[in-house]
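Heads up: the structure comes next, in structure tokens.
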Amino acid sequence: MKIIDGKRISAEIKDELREKVAAYKAEGVEITLAVIQVGNDPASSVYVGNKKKACEYIGIRSLAYELPEETAEAELLALIENLNERADVNGILVQLPLPKHIDEEKVLNTISPLKDVDGFHPMNVGALCIGKEGFVSCTPAGIIELLKRSDVEIAGKECVVIGRSNIVGKPMALLLLRENGTVTITHSKTKDLKEVCSRADILVVAIGRPKMITADYVKEGAVVIDVGIHRGEGNKLCGDVDYDQVAPKCSAITPVPGGVGPMTIAMLMKNCVESIQLQK
């Protein structure tokens, strides 16, 4: 059984990007990411801090906009419009969740699709659907990299995705399809979930329920990717998969923490670097 090391793979990707950024700098091209946070949700602050650190490491300039909780929606939209116009800004990221009085969808749709490094704009999602160039949502893109760099063959394999969110489940299914996997999407209304999951050669779990997936959902020799992250008893982190029970059956599995998590930021950085080509 192989433990898929997301920390190591994300570090590899960041090092490759660091070289690319240095090459761009040598040509006089600077890459800039604008990060907007509204309010000071503690988890969001940690994520924003990690994104800034990653930018610093690979050589991307980051602009931080930390706005108070009570910021009006119109004010936030005006800031985004301004960043859309700025030639020196390549990527715009709005940290979610936003305060209740702000319409998240409206905000994400205001970001220019050419600067939408999170890959959430409907135009980028549509581009993914029809196989055109565009930014891809970071977590699913990171999972594809984890599989490829761990020598997991996707083509022709039975792939099952648990969860149909716009951020993970749906784009994950589309990316596996793009890699020629045979894809089933399951969700809360799926009948015989265990039966469907136990057909999977590659099982991607993104349901947001701690340790829900036990050994009887998993086929012998399957590859299991756990997207969930929860604080369990004793403040210990766990995923959507009951790791201790499931791991012995797998040919490869991602741990929590240290699996999918680190990949999300690495792919965000990759989107920032690729923005240069897209924006040309």
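The values are calculated or read from the model by the stated rules, or taken from the named source; none is laboratory data. This structure is a prediction, so every number in the text was calculated from the model and none was measured. So basically every Cβ, Gly included, is an ideal-geometry build from the backbone, and we count neighbours across all protein chains shown.
With segment 121-226 as the region, which helices (runs of 4 or more DSSP H) entirely inside it contain at least 3 residues that are within 24 Å of Asp242 (Cβ to Cβ)? Quick ask: steps written out before the conclusion?
On the way: elements: 122-130, 138-149, 169-178, 193-197.
Per the criteria, 138-149, 169-178, 193-197.
Here Val205 passes the criteria (1) surrounded by fewer than 20 Cβ atoms within 10 Å (Cβ to Cβ); (2) among the hydrophobic types (A, V, I, L, M, F, W, C); (3) in contact with a strand residue (DSSP E or B) (Cβ under 7 Å, 6 or more places away or on another chain) except the one numbered (1). If I filter segment 132-147 for residues that are touching a strand residue (DSSP E or B) at 6+ places or on another chain (Cβ under 8 Å), among the acidic types (Asp, Glu) and modelled with pLDDT of 95 or more, do I get at least one hit? Checked segment 132-147: no residue is touching a strand residue (DSSP E or B) at 6+ places or on another chain (Cβ under 8 Å), among the acidic types (Asp, Glu) and modelled with pLDDT of 95 or more.
Here is a yes/no grid of residues against (1) among the hydrophobic types (A, V, I, L, M, F, W, C); (2) crowded, with 23+ Cβ neighbours inside 10 Å; (3) more than 20 Å from Ile207 (Cα to Cα):
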position: Met123; (1), (2), (3): yes, no, yes
position: Cys129; (1), (2), (3): yes, no, yes
position: Gly134; (1), (2), (3): no, no, yes
position: Ile144; (1), (2), (3): yes, no, no
position: Glu153; (1), (2), (3): no, no, yes
position: Arg164; (1), (2), (3): no, no, no
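Only residues that are aromatic (Phe, Trp, Tyr) and either closer than 16 Å to Met269 by Cα or in contact with a Cys (Cβ under 7 Å, 6 or more places away or on another chain) (or both) were counted across segment 29-69, and they come to 2.
Could you say whether any residue in segment 224-240 is touching a Leu at 6+ places or on another chain (Cβ under 9 Å), under 26 Å from Val136 (Cβ atoms), crowded, with 19+ Cβ neighbours inside 10 Å and small (Gly, Ala, Ser)? No, that holds for no residue. Among the candidates Gly234, Gly239, Gly181, the residue that is over 27 Å from Gly131 (Cβ atoms) and at pLDDT 95 or above is uniquely Gly239. For segment 239-258, which residues satisfy the criterion of being outside any helix (DSSP H, G or I) and more than 24 Å from Pro171 (Cβ to Cβ)? Of everything in segment 239-258, those that are outside any helix (DSSP H, G or I) and more than 24 Å from Pro171 (Cβ to Cβ) turn out to be Asp242, Ser251.
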